[in-house]
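Heads up, the thing below is written out as structure tokens.
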Amino acid sequence: MSAIVHLRSAVALIGRFPALAGVDLDVHAGEILLLRGPNGAGKTTLLGVCAGLIGLSTGEAVVLGEDLTKNRRAVRRRVGLLGHDSFLYQDLSVVENLDFWSRAAAATVADGRAALDRLGVASRLFELPVHSLSAGQRRRVSFAAMICRRPELWLLDEPHAGLDSAGRDLVDGLMSEAATSGATVLFASHELDRAEHVAHRSVTISGGVILDETPPSTETRAEL
């Protein structure tokens, strides 16, 4: 089976610092992979490489069949990235943001509304500017803006951040549903008790390299 994400000896520099220092990684369709590691370990950089936002200095990076060393833009419409930044326009309303991101991804306005409903964003918030929302509400809207694009590859950096318990459960359910439908999920999290419950397997990153890997369970291996 060909990998959705294939990295070999991947080195990525932030300035002159090797944020990735020789990463080997394969992730397959329908997998949920947890990236573990301390702050500054390289998790966010790895997600940025997979999103086509950060280039490699040396090594191989093939994502969704595209060679990112030749064309990083090729995958950007097919991936959904949720980072620490909301990627929302703060002065636009909730629905204006969803309408923009839906159209940018060749989705419909109805897709955006359905995503807001799926994330439990109350209709009373629809006309409010994003800057007036709470951190948890902004996080839900950001998630809605991502899933309305129906990405093939989900790249999530601390997806539970800013959410209450119900919101965190919702995110776990969304990741599981995405994987069941054939999408692939890579996510970085410090909330290991929760994250390891939803992940099929995990890798630990430190100093820009992968130190160890937890293999999938027998049940998960059979699914993959």
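The values are calculated or read from the model by the stated rules, or taken from the named source; none is laboratory data. Note that the structure is predicted; figures quoted are calculated from it, not measured. Cβ coordinates were reconstructed from backbone atoms using ideal geometry, including for glycine residues, and neighbour counts include every protein chain displayed. What goes into the accessible areas is simple: the full protein's heavy atoms, side chains included, and nothing from ligands, DNA or RNA. Shrake-Rupley method; radii C 1.70, N 1.55, O 1.52, S 1.80 Å.
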Rule-of-thumb Rg ratio for the stretch 92-176 [Cα; 2.2 N^0.38 Å; N residues]
1.00
How far, in nm, would the chain grow between Ser93 and Glu196 when pulled straight, counting 0.36 nm per residue and subtracting the alpha carbon separation?
33.6 nm
What FRET efficiency comes out for the pair Ser123/Arg77, r = Cβ-Cβ distance, R0 = 41 Å, nearest 0.05?
0.90
Inter-probe distance in nm under a simple model that places probes 7 Å from Cα toward Cβ, at His131 and Thr180:
4.1 nm
Rounded to 5, percent antiparallel among DSSP beta bridges of the chain
55 percent
If contacts are Cα pairs under 8 angstrom and at least 6 residues apart, what is the relative contact order of the chain in percent?
29 percent
Förster radius 35 Å - calculated FRET efficiency between Ser206 and Arg103, Cβ distance, rounded to 0.05
0.30
Let me have the 222 nm mean residue ellipticity of the chain computed from DSSP H runs of 4+ only, each contributing -39500 (n - 2.57), with the sum over all residues rounded to the nearest 500.
-9500 deg cm²/dmol
Charge dipole of the chain about the Cα centre (unit charges at C-beta), most positive-ward option of Thr184, Ala51, Val171:
Ala51
Rounded to the nearest 5, what % of the DSSP beta bridges within the stretch 108-216 are antiparallel ones?
50 percent
Please give the charge dipole size of the stretch 1-121, origin at the Cα centre, charges +1 on K and R Cβ atoms and -1 on D and E Cβ atoms. Round to the nearest 20 debye.
240 debye
Kindly report the accessible area of the stretch 96-180 per residue (heavy atoms of protein chains, probe 1.4 Å, no ligands, DNA or RNA), in Å².
43 Å²
Please state, as a whole number in µm²/s, the translational diffusion coefficient that the Stokes-Einstein equation yields for the chain at 10 °C and 1.306 mPa s, with Rh defined as the Kirkwood radius across alpha carbon pairs.
89 µm²/s
Separation between Cα centres of the stretch 94-118 and the stretch 1-45, rounded to whole Å:
30 Å
